[in-house]
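Everything on this sheet refers to the single structure shown next.
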Amino acid sequence: MVNVMKGVLVKCDPAMKQFLLHLDETLKLGRKFIIQELDEHHLFISADILVTLQAKIDDLMDQISFPLAEKGN
Amino acid sequence: MNNIELPAEKEPEITSADEISLLVVILDTNPTQKMLRDKQNQLTNIVDSVVAFSNSHLMQKAQNKLAVMACHSKTSQFIYPGAKKPLDVRQVDGQYEAFLLVEKTVKQNLAELLASESSTAVTESLLAGAIAMALCYIARLQRTKPPGSKLNSRILVVSGSGDSASQYMNYMNVFFTAQKLNVVLDVCALDQHLSLLQQCCDITGGMYLKVPQITALLQFLLWVFLPEPPIREKLVLPPPVKVDYRAACFCHRELIDIGFVCSVCLSIFCKFSPICTTCHMVFKIPGPLAVKPKKRKLKL
Amino acid sequence: MANNGIGSSKQDNSSLITQTNLECKNLYEYLKNQPQNVLDRLYIHPAICLAVYRELPELARQYVIRILFVEQPVPQAVVASWGSQASSKEHNYVTKVLTDLNVWIEDSLPGGLIGWMLSPTFKKNLKAALLGGGKPWSMSSALDADKNARDVGFLDSYSSERWECVLHYMVGSQQQEGISADAVRILLHAGLMKRDEEDGSPVITRQGFQFLLLDRHAQVWHFLLQYLDTVQQRGLDLVECLTFLFQLSFSTLGKDYSTEGLSPGLLIFLQHLREFGLVYQRKRKAGRFYPTRLALNITNSQNKNAPILEEDSPKGYIVVETNYRVYAYTDSNLQVALIALFTELMYRFPNLVVGVITRDSIRQALRGGITADQIIGYLKQHAHERMLTADTKQPLPPTVVDQIKLWELERNRLTYNEGVLYSQFLSQADFNVLKEYAQSNGVLIWCNKEKRTLVINKNAHDDVKKFWKKYSKGS
């Protein structure tokens, strides 16, 4: 029988994928969310975690960027 | 940034759809042309065809520009846009207002020009001068165009005169200037073959056409001369003709095959002269060639 | 600003996945969706034939003018031979456009060949526009000289003031007087604003922001298209209004035109145009009106980069520096509000506003639905003259442009697609069959032969399930 699962397909670059795997392992989002690893650029995750995941990604991007312009205050 | 691919930067280049295309039509209205003397209303028919062609050019894009010049026996003048204020026209029929304005202005100014010409002296058409005036106009528009826009210009010469070797120097000057300015020169010969103007079409990349029947003039103009230079490569147009590249000698203005060339200024003469008329360089008269004494074979 | 922030309680997954943007139709797209009889009625008017002709691609214009004066149909092979070898793909596209717009029709020649012929109404009226003949267009009756003649400068300021009223209303700055209920209805219909759930007042949408950043011509054209959609409901005739609109677009700036002979429906249309700033009329009952710059060349939407007429070149006022500072020499509240959408404002002077482009300000704009291209396009469009003369090809500093695009890409590191995962097929054949089926229906998002796994679009799940059940029962 064919296995059927509902969820969300995520396409990203390998670096981001590693980050998602890390989040999954360390349960940073409260629970495991990766249903299956598909290949270097794709993951299949559960649908309801999407909002929290995007917030976490935004946090990460904020951490690794630094202000480019001097505001002058 | 190995992982993130920036989408290929597509420069929004100004394609030929956005270019402003300027057309300057030089109409030879010299009454001494053979074709005008032969048939009474020939000039009216030609002017009608040229006006319809000019309006077709304006119809292509809202930003296209037009100028029409009349080249007469003593003078050349711009008949559109005229020197005076533009006429205030209202539509009389379905014709678009701007086209009606062109038609009326051209006819009015041309009539004034022809009426003002009083002498009946037989002279050649001053085409080289007219082309020079057109080039000045084009240069001015190039300077004053809005920043960030592109302007491509071309000159169309419509003439029934024959070749005039006396204007050879002037022609060469304007042809090379046009080439430098990237102005394309097209020539539509109505009656006789124009070999000098053929050379100019060759240099500037324009079209040369001798029209077989004048009654079909508008059709030939629309098919061959209407497409602007950037899109000419997309259409199949008449191939360039073989050009007669003989130079004219500076003393008699006759086309020659073999001649003398001054080594300083490169001007061409048909006969030897001790002083070059252009650069005043002095050349020694070549004397009789010295004969080398023959070695006599000893007769034994 | 519209509350589209992530984490708000009204947020759901669908907006992360489907992001709709503003779609601007050009004249070709608008007309090809009109029914046949509307097109036939439209082509009776020379103004429309002229407008449609100018909108055609270059090659199409050459073809049309060549057969304009030919009476018989021209064989298709002959027309194909006019284009050079290299442009055969363009030739096919052009043929399609001309057929879609009903400009030419197929006709058979004696001898069996199929040829093209210009449709008679189009041909007759294009010739009339070019050479003359037929009736004059409706607004061209003779007029006496106007005692209160208006010059071009006055018309320009009038039209900007009126149009900016609409834009100010969208942005929500309470500066100007409000606009008429009619105009609000059009904005709602166009999706540029929507009724807020709580208090019922209109608020601006994503598409609304994108609309604000377009250049004026594109804004007017898009707005009018939306207006024309609602025209039937108001009891006006679509063809009549379109004809009048195109006649306006070909008028000369600074000249007055007569209202004599206009039908009552057209007079109402004229009043609406007066409200949006496309025409100026001293009084409602005045027998003449002046078209303004907004109405001219209205359909010339191909020309996004270069200004059409010399006088039209917009007075740029924005300077962008390589240190991400933006200096805008303006005092118009609308322009300041637009710049505040994607920069952090620092100082404000009577004639100057200084802001800085930061990651946060750009992200805020991106969250609101504005794309990086639109921001860059807006800055380019209003770039100060100095920046244009310094470097025509790249008026903005490349570092800033690239960085804005990178900030946008940063948000797109992950793309989501709701789907259904099928794995652990019993045989390779089963896998192949399902994969082929999904691919032919265009619902396959991802597949892997070795692992025998594939992902289908969520919407198509029921369909594929039914197919699979049928297949497995059959085998």
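Whole number please: convex hull volume per residue of the Cα set in chain C, in Å³?
Cα convex hull per residue, to the nearest whole number: 240 Å³.
How many partner chain Cβ atoms sit within 10 Å of a residue's Cβ in peptide A:44-51, on average, as a whole number?
Across the residues of A:44-51, the mean count of other-chain Cβ atoms within 10 Å is 4.
Lysines near C:K194 by alpha-carbon distance under 16 Å, same-chain residues fewer than 8 away left out - which ones?
C:K10
Hey, what's the per residue convex hull volume over the C-alpha atoms of the range B:246-287, in cubic angstrom? Kindly include the intermediate steps, with their values, before the conclusion.
Numbers: hull volume 2.8 nm³, N = 42.
Spelled out: Cα convex hull of the range B:246-287, divided by residues, is 66 Å³.
Computed FRET efficiency, Cβ-Cβ of B:R140 and B:V241, R0 35 Å: what is it to the nearest 0.05?
E(calc), rounded to 0.05, equals 0.60.
Based on DSSP H runs of at least 4 residues, each adding -39500 (n - 2.57), what is the mean residue ellipticity at 222 nm of chain B after dividing by all its residues, to the nearest 500 deg cm²/dmol?
Helices in chain B give a 222 nm mean residue ellipticity of -9500 deg cm²/dmol.
Once you have the alpha carbon radius of gyration of the range C:27-131, what is it after dividing by 2.2 N^0.38 Å, with N set to its residue count?
Values: Rg = 13.4 Å, N = 105, 2.2 N^0.38 = 12.9 Å.
Taking the Cα Rg and dividing by 2.2 N^0.38 Å, one obtains 1.04.
What percent of all Cα-Cα pairs in the range C:318-412 falls in each 10 Å bin, counting up from 0?
Pairs per bin, as whole percents: 16, 52, 29, 2.
Give me a single rounded figure for B:232-239: the average over its residues of other chain Cβ atoms within 10 Å of their Cβ.
Other-chain Cβ atoms within 10 Å of each residue's Cβ, averaged: 4.
With 10 Å bins from zero, work out the P(r) of the range C:130-215 over every alpha carbon pair and list the percent per bin.
Percent of Cα pairs in each bin: 13, 33, 21, 20, 12, 2.
Compute the helix-to-body angle for B:127-144: its Cα long axis versus the longest principal axis of chain B, expressed 0 to 90° and rounded to tens.
Taking the Cα atoms of chain B, the angle to B:127-144 is about 60 degrees.
Per residue, how big is the convex hull around the C-alpha atoms of chain B? Give it to me in cubic angstrom, could you? Spell out each step's value before the answer.
Details: hull volume 94.3 nm³, N = 300.
Roughly 314 Å³ of hull volume per residue.
With axes computed from alpha carbons, what is the tilt in degrees of helix B:97-116 against the longest principal axis of chain B, rounded to the nearest 10 within 0 to 90?
Helix B:97-116 and the main axis of chain B meet at about 50 degrees.
Can you list residues whose amide H is under 5 Å from A:Q36's amide H, if they're 5+ apart or on another chain and H is modeled 1.01 Å from N?
Long-range HN contacts for A:Q36: A:F44.
When ranked by the protection proxy of mean other Cβ atoms within 10 Å per residue, highest first, what sequence do the peptides B:182-193, C:253-264, C:105-116 form?
On the way: B:182-193: 20.8, C:253-264: 15.7, C:105-116: 12.6.
Highest mean packing first, the order is B:182-193, C:253-264, C:105-116.
Report the Rg/Rh value for the range C:152-298, based on alpha-carbon coordinates and the Kirkwood definition of Rh.
0.96
Under 4 °C and 1.567 mPa s, how fast does the protein assembly as shown diffuse according to Stokes-Einstein, given a Kirkwood radius computed over C-alpha pairs? Answer in µm²/s, whole number.
Numbers: Rh = 32.5 Å.
The estimated diffusion coefficient comes to 40 µm²/s.
Across the range B:13-155, what fraction of all alpha-carbon pairs, as a whole percent, falls in each successive 5 Å bin from zero upward?
2, 9, 17, 20, 20, 14, 10, 5, 2, 1, 0
No value in this document is a laboratory result; all are computed from the given coordinates. Because the structure is predicted, anything quoted here is derived from the model rather than measured. So basically every Cβ, Gly included, is an ideal-geometry build from the backbone, and we count neighbours across all protein chains shown.
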